[in-house]
Amino acid sequence: MTMKKLILFLILFFIIKSFYAQENMLPCATHIMNKKAFDKNPEKFLKNKQQLDSITNLFNTHNRFGEPEKIIPVVFHVLHEGNPVGVNENISKEQIEDAIRLMNEDFNAMNEDLSNVIDEFESIIGNVGVTYKLARIDPNGNCTEGITRTYWEGTSSANDDAKQVVFWDDASYLNIWVVKSIDANIGAAAYTYVPSAGGPNFRHGIIADHEYVGSIGTGSNSNYVRHTLSHECGHFFNLEHTWAEWADVGLSSNCSEDDFVDDTPNCIGSYSSCNLASQTCGSLDNVQNIMDYSSCTAMFTNGQVTRMQASLNSGVGDRVDLWQEDNLWETGTHPNYQEEECLATVDFYIPNGSSCLNTEVQFFNNTFNDGENPTYYWSFPGGIPSNSYEENPFVTYDSPGAFNVSLSVSTEAGTAYQTINDFITVFDNNPILSSVSESFESTNFPISSNPLSDWGILEQETENTWERTEMASSLGVASMRIRSRFFSGENEHNLYSPFINLSEYQTPVRLYFDYAYAKRNSQSDDLLTILISDDCGLSWTERKDLTTTELVTNGGSYISSAFIPNNDQWQEEYVNLNPWAGNGSVKVKFQFTGEDGNYLYIDNVRLGLEEVVLEDILSPNKFLIKRIDLLGRETINKNFYIEIFNDGTVKKHYKL
């Protein structure tokens with residue numbers, strides 16, 4: 001088999017594997033996440049559960065079917081990775097409105113597929129009497145359409161960290177976070193928590209893959225997708241899966257488990273099938289129940305309605321606060337609230353925050369509350385063109401520097417605008433450096449006497465980042481260091497080299513650096529990745545990564561205080577730059593992610609030709625094509641991933 005055929009085979013294999021895995025992805029991980037919440041704080045969980053069970057028993061005893069209809073204020077937080085509105089995970093307003101429509105149909109027994117329910121269960125079809133409405137007033141009292149849009153690098157591997165990115169008070173709003181995909185370690189289309197989970201600072205809501213939101217756009221009209229958010233709302237209001245509280249679907253032992261609802265027959269649960277005659281535990285299964293995984297779900301039962309209404313009348317998890325009249329007025333969802341057109345909330349971004357001379361860069365509108373037919377006016381001082389009426393225009397700059405950008409958005413409510421000073425940095429990518437020898441000795445670092453020699457550090461709003469220090473060094477008196485002790489594990493911390501001219505270099509060429517690191521404890525989880533760009537930072541090729549274990553230079557001892565390496569605790573590492581030998585302009589990025597770690601130091605960064613080793617001879621142009629998880633999705637997850645290289649080799653990384 002030729003090398004090209006081998007590479008094609010590997011790519012096709014992982015594409016097929018990806019499709020297969022996604023088709024068989026767990027529909028819901030609520031039972032898994034609830035069990036984790038229980039294990040973390042069992043006393044609190046059980047106390048909440050007992051309190052809620054008491055109210056549920058009261059509702060069951062008094063058969064309270066005459067509950068008034070309730071309105072639930074909703075906000076959708078769209079967490080995207082840089083796509084325009086309406087593209088991929090940055091789903092459109094119309095798709096969100098369609099999702100609300102489907103939720104309301106399910107919770108008011110108005111969904112079309114309800115007519116398919118078989119005779120044996122038709123008499124116990126329940127009407128929850130809940131209406132979901134997009135909020136019209138945000139927590140600050142401003143007009144809103146009930147949608148926020150936020151750029152987040154973690155959206156392709158989302159977990160509860162999404163709730164730290166953007167969050168509205170969960171006693172006032174049902175928060176729904178829409179993400180590109182959920183962390184492979186969770187491996188589901190969506191999940192939430194029952195009211196008993198968590199404590200006073202716990203952030204309740206639903207996290208959902210964008211492909212399982214609504215029936216249009218990136219959603220679909222398949223049965224389970226249509227009912228996914230209704231399924232999760234059932235959990236949110238204290239329903240379990242029809243087969244058990246925490247068990248997986250399809251286990252024979254589920255016949256001995258319970259979902260705490262009297263009129264849902266014991267069953268082991270269905271998955272992606274629709275056997276209407278199924279009797280897995282001695283009686284007819286209610287496979288059409290929305291809390292099942294079947295391919296024909298359509299209904300809630302009266303017993304499930306009672307259980308949800310009990311939750312809605314309980315202070316456990318603050319569900320009772322959501323539908324109170326004062327909250328409906330405060331969120332703009334009261335039936336008598338006179339809705340008004342909102343002024344647009346203007347926002348925009350570019351993926352990298354920078355560009356190069358005479359390089360076309362696209363600006364993306366990220367405005368929300370922008371009504372039906374907004375118009376846009378951009379201003380680009382120093383740019384070509386200097387203004388634009390397009391939604392996502394392309395601009396070039398013919399001089400280096402930092403430039404302001406302004407965007408005005410006009411709707412029926414009026415015109416709103418935003419100007420961000422020094423929004424884009426334009427680099428002169430005509431490098432003066434034909435070599436690199438940086439030991440961070442200057443107290444002005446990363447600024448140098450010549451802007452073309454400046455290094456760069458990506459600033460962080462919520463976490464500390466790379467810093468120059470004289471506490472330790474492998475050469476001279478200074479080095480760069482970073483510590484993840486208080487990091488979330490999601491943010492990237494980047495240190496950029498100047499543009500480097502390799503046009504005179506022949507293979508083998510390497511970038512060397514020294515480093516020192518110690519773990520803080522057994523939970524330390526850090527990753528250093530070195531990437532190369534030859535297109536002004538528009539794209540990056542990963543050349544090497546060092547995991548927590550690979551970074552350790554002190555023998556493996558845990559250091560709870562600040563790690564300061566001695567002279568014997570430094571190691572040398574290198575990055576193969578052979579694919580860029582002869583290139584006139586390349587840039588290097590040291591990218592750090594992690595959590596609960598100690599200091600990592602870097603020093604003595606330099607280009608070198610002095611060693612020729614077997615790897616350089618056998619694979620002079622080897623580079624990474626893609627990093628994927630078990631589902632075939634591109635990932636930055638550090639626990640398990642697979643690397644595919646251009647020479648056909650595959651490398652697995654995993655952490656137990």
Carbon and sulfur together cover what percent of the accessible area of the chain at a 1.4 Å probe radius? 48
Please list 77-83, 320-326 highest first by mean number of surrounding beta-carbon atoms within 10 Å per residue. 77-83, 320-326
Can you give the Rg/Rh ratio of the stretch 318-422, where Rg is from the C-alpha atoms and Rh is the Kirkwood radius? 1.17
Please report the antiparallel percentage of the DSSP beta bridges confined to the chain, to the nearest 5. 75
Cysteines, the chain, no other Cys beta-carbon under 4.7 Å: C28, C233, C267
Rg followed by Dmax, in Å, when the stretch 51-156 is reduced to its Cα trace: 18.5, 52
Please report the net charge: other residues with Cβ closer than 12 Å to the Cβ of E120, K and R +1, D and E -1. -4
In deg cm²/dmol, rounded to 500, what helix-only [θ] at 222 nm does the chain give when every DSSP H run of at least 4 residues adds -39500 (n - 2.57) and the total is split over its residues? -5500 deg cm²/dmol
How big is the accessible area of C296 in square angstrom, nearest 10, if you roll a 1.4 angstrom probe over the protein chains? 20
Any idea what the dipole of the chain comes to, in debye rounded to 20, about its Cα centre with Lys/Arg Cβ at +1 and Asp/Glu Cβ at -1? 1480
As a quick test, which of the pairs K93/K180; K40/K163; K44/K519 have an alpha carbon distance above 23 angstrom in this structure? K44/K519
Sorted on mean Cβ neighbours within 10 Å (highest first), peptides 39-45, 388-394, 230-236, 595-601 come out as 230-236, 595-601, 388-394, 39-45
Taking the Cα atoms of the chain, report the difference between the largest and smallest coordinate on each principal axis, in whole Å and largest first. 82, 58, 54
Please compute the net charge surrounding Q279, taking Lys and Arg as +1 and Asp and Glu as -1 over other residues with Cβ under 13 Å from its Cβ. -2
Inter-centroid distance (Cα atoms) of the stretch 161-180 relative to the stretch 341-408, Å: 27
Residue-wise, which Karplus ³J(HN,Hα) couplings in Hz belong to the stretch 84-92, taking 6.51 cos²θ - 1.76 cosθ + 1.60, θ = phi - 60°, and x for glycine or proline? x, 4, x, 10, 6, 5, 7, 5, 6
Angle between the chain longest axis and helix 223-236 axis [Cα atoms, degrees, rounded to 10]: 80
Once ligands and nucleic acids are excluded and a 1.4 Å probe is used, how much of T507 is accessible, expressed in Å² to the nearest 10? 80
Any chance you could give the angle, 0 to 90 degrees and rounded to 10, that helix 302-312 forms with the longest Cα principal axis of the chain? 60
For every other residue with a beta carbon closer than 9 angstrom to the beta carbon of M291, add +1 if it is Lys or Arg and -1 if Asp or Glu, then tell me the sum. -3
Given charges of +1 on the Cβ of Lys and Arg and -1 on the Cβ of Asp and Glu, with all other atoms neutral, how large is the dipole of the stretch 450-582 about its Cα centre, in debye to the nearest 20? 380
Surface accessible to a 1.4 Å probe, per residue, for the residues of the chain, Å²: 43
Please name whichever of S388, N464, S497 sits farthest to the positive end of the charge dipole of the chain, dipole taken about the Cα centre and charges placed at Cβ: Lys and Arg +1, Asp and Glu -1. S497
Just flag the GluC sites (Glu not before Pro) in the stretch 124-226 sitting in loop per DSSP whose Cβ has no more than 14 other Cβ atoms within 10 Å. none
To the nearest 10 degrees, the tilt of helix 93-107 (Cα long axis) against the first principal axis of the alpha carbons of the chain is 30
Could you tell me how far the Cα centroid of the stretch 490-527 sits from the Cα centroid of the stretch 70-91, in Å? 35
Please provide three numbers in whole Å: the alpha-carbon extents of the stretch 415-518 along the principal axes, with the largest listed first. 56, 38, 27
By the gyration tensor of its Cα atoms, with a ≥ b ≥ c the square roots of the eigenvalues, what is the shape of the stretch 178-301: rounded for a/c under 1.5, prolate for a/b over b/c, or oblate? oblate
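The values are calculated or read from the model by the stated rules, or taken from the named source; none is laboratory data. This is a predicted model, so every value here is computed, not measured. Quick reminder, even Gly has a Cβ in these numbers, built from the backbone with ideal geometry, and neighbours come from all protein chains shown. For accessibility, only protein heavy atoms count, side chains too; no ligands or nucleic acids. Shrake-Rupley method; radii C 1.70, N 1.55, O 1.52, S 1.80 Å.
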